[in-house]
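Following: one structure in structure tokens, then a few remarks.
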Amino acid sequence: MNRLALTAFATASLCASCSDTSPLRAKAGGADASRVIADARVASDPDAALEVGFQPPPHRDAGVDAARAFDASPGPDARSDLDAHLADAGDAAQPRTYATIAEAALATMTGTYYGAAKWNICIPDLGCGSTDQDWGAGALTYALYLRWELSKDAEIPPLLSALNAAGPVYGTCTATSCNSWSDVPSWDSIAASREYEVTGDPSALSRAEAAFDFVDTATQFALGACPAIDYQIPAGGGNQLKTLETDSNYIKAALLLYAATSTPAYLTKATTKYASVRQYFLDPSVALYTVYVVDDGTTCTQIPRRFFASVNGNMILDGLMLADATGDMTYRSDALATGQAVASLLSDPSGIYENLQAENDVVEPLVEAFYRLATTEAQPFASEWILTNANASAFDVTSEGSYGRFWGGPAPTATTTIWQANGGFALAFAAAALAPTEGPTGPDVWSNAVVTQSDITTLPASITFEGSAIALFGTIGEDCCESGHAQLFIDGVQSFDQTGIWQDKSVSGHPIPSSVLFAWRWPTRGSHTIGFQPGITNSKEGTSFLHLQSYEVVP
């Protein structure tokens, strides 16, 4: 397909941000200190932080203690209060359809998460601040774009225009000055391109190009034993990590710029990077992509089976866009294979996609990809995936109207973040476009769940129960904010996505007590065992950690 056809896809087919001196602008607790997002990223690696000019956050332990004191447990009435809220919402909106759910989701996004041309990071706020940069903010901007593309709400273009006006502007990355990680401008280039598609503002296109060029022309990322894929931290930092968050977004950003500018070089860059991603990040056994490769300068080794929603969603959409742009249907076959693998291998036995606990993953790109598979590509499995998950996530809504990470789990009573909520918003919009007059069926299965207090800190450990669903609770970022994870086994078999429970990762820079750390459903009641093994130490997820405080079982 030619460039004009790709442009049509990029702008219509879904319907059938940093200065040189201040790379991140989020504030924590009102203090104009180091960036809260960058702080969380480098908390386990102060040396790497200093290499690129970041400062680790001061008094981290005091912050942990304060958050624990803020809310050590949900309290005896939290679940019943939330159930009453959901019941009231259902009574007020009978019959509840995916169209009305999407309207409510948009209202929460624009009225609660959005504020003063930035996205509020935590709802309710823990002092997390707000931002218009990087992947959490980007995912909400993408979701807002998706809603506009599907329904053309008049309120959305002014919001995207404001986000663009306040958005980051990038310089260059050289050996003497490189003030951003590589994935940050990659996320931001896509956000700016989406803002350009809606507003037509040339400044948005210029920002998208500058963000892309920051990575494309950098001298500090394409290094190591496999320079065809980029380090996340300039020169590899302290963890020598290469992340598909950079490279999958690089491909998408290049294709959006190709659609907008007709510049052939963008298409060439996208096809070249796509081949490199397939070489280094594709799992050797299944059509899924791990998010992490460690390049120690001699060899490049996958951290196996960290199948993040964001990067697999990106690679699906990248493949479809490349097929449109080049006419090579191999790309389409790749995309379909990954979509089918997500649907069949990363869902629980009830068919619900459960995004395993890694606070730095976002699900909007996966929802966007599945909507394309369901519509333009006419794939029934993708339609089923969207509607099955929308049916479950309709009950995964907080009292503020936000969404949790685990669509099949109980509605969160804890603070939710932009990294958790974006997928639920996007899913609500996609379901409304596919089946506006349909709606969720059946009651909230968690309304009669039985709560058990169970303090688990020593591994290995296990929980055996009779029931049809389980949810585990603890504090995200208890030992804030990066190192600390555990392996997860379901009835004796390790979770296919070997992320397991990465409990201590907290991108907000704050511990979040009483969070859902894992949820899983079965179609019928049975005897099940959830097992936990020590996490295997690696340069990103760090050492082993798990602290479960309670669990809920649906009888």
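Side notes on the structure shown:
- Centroid-to-centroid separation of segment 477-555 and segment 149-195 [C-alpha atoms, Å]: 32 Å
- Per the Debye calculation on segment 388-475 with a single equal scatterer at every Cα and no solvent contribution, log₁₀ I(q)/I(0) for q = 0.23 Å⁻¹ amounts to -1.20.
- Protection-proxy order for peptides 333-345, 271-283, 511-523, each taking the mean of Cβ atoms within 10 Å per residue, highest first: 511-523, 333-345, 271-283
- 13 Å cut-off, amide nitrogen to a point 7 angstrom out along residue 494 Cα→Cβ, residues in segment 509-545: 532-538
- Which of 181, 407, 446 has the fewest Cβ neighbours within 10 Å, and the rest in rising order: 446, 407, 181
- Dmax and Rg, reported as Rg then Dmax, of segment 425-466 (C-alpha, Å): 18.2, 49
- Segment 365-407 and segment 281-309 have Cα centres lying 26 Å from one another.
- Rg/Rh for segment 424-555, where both radii come from Cα atoms and Rh is the Kirkwood radius: 1.02
- Burial ordering of 103, 149, 195, fewest other beta-carbon atoms within 10 Å first: 103, 149, 195
The numbers here are math on the coordinates, done by the rules we state, and not lab data. Everything numeric here is computed off the predicted structure, so don't read it as measured data. FYI the Cβ positions are ideal-geometry reconstructions off the backbone, even for glycines, and counts take in every protein chain you see.
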